[in-house]
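What follows is a single structure, written as structure tokens, with notes after it.
The values are calculated or read from the model by the stated rules, or taken from the named source; none is laboratory data. The model shown is predicted, which means the values in this text are computed figures rather than measured ones. We work out accessible area using only protein heavy atoms, side chains counted, and drop any ligands, DNA or RNA first. Shrake-Rupley method; radii C 1.70, N 1.55, O 1.52, S 1.80 Å.
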Amino acid sequence: MKVLLDTCTFLWVIWDSPKLSQKARRVFTDQDNDIFLSVVSGWEIAVKHKLGKLPLPEDPARLVPAQRRAHQIASLEL
């Protein structure tokens, strides 16, 4: 199955948030699924971080690609 993460879900995944449901965790960890994050989500993260609405441990230009790689999440272009 192909799965497109929304921005909040991506952040919950990378931070192992308890807000992520068990069903969503199963979908995300199922090796048969292809997981994607839209470039628009990366843009949203960057904008919210710049506005001070989303504190991050590092610059989103480094964080988002590094976390996508670490969690094997493919980029979905426009």
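Counting only protein heavy atoms and a probe of 1.4 Å, the accessible surface of segment 11-70 is 55% carbon and sulfur. Pairs exceeding 26 Å between alpha-carbon atoms, taken from LYS2/LYS53; LYS2/LYS23; LYS23/LYS53; LYS2/LYS50: LYS2/LYS53; LYS23/LYS53; LYS2/LYS50. Residue ranking by accessible heavy-atom surface, 1.4 Å probe, largest first, among LEU76, LEU56, LEU37 comes out as LEU76, LEU56, LEU37. So what does the Cα-only Debye profile of the chain read at q = 0.26 Å⁻¹, as log10 I(q)/I(0), no solvent term? These q points yield log10 I(q)/I(0) values of -1.38. Entry comment: accessible area of the chain is 69 Å² per residue, from protein heavy atoms only and a probe of 1.4 Å.
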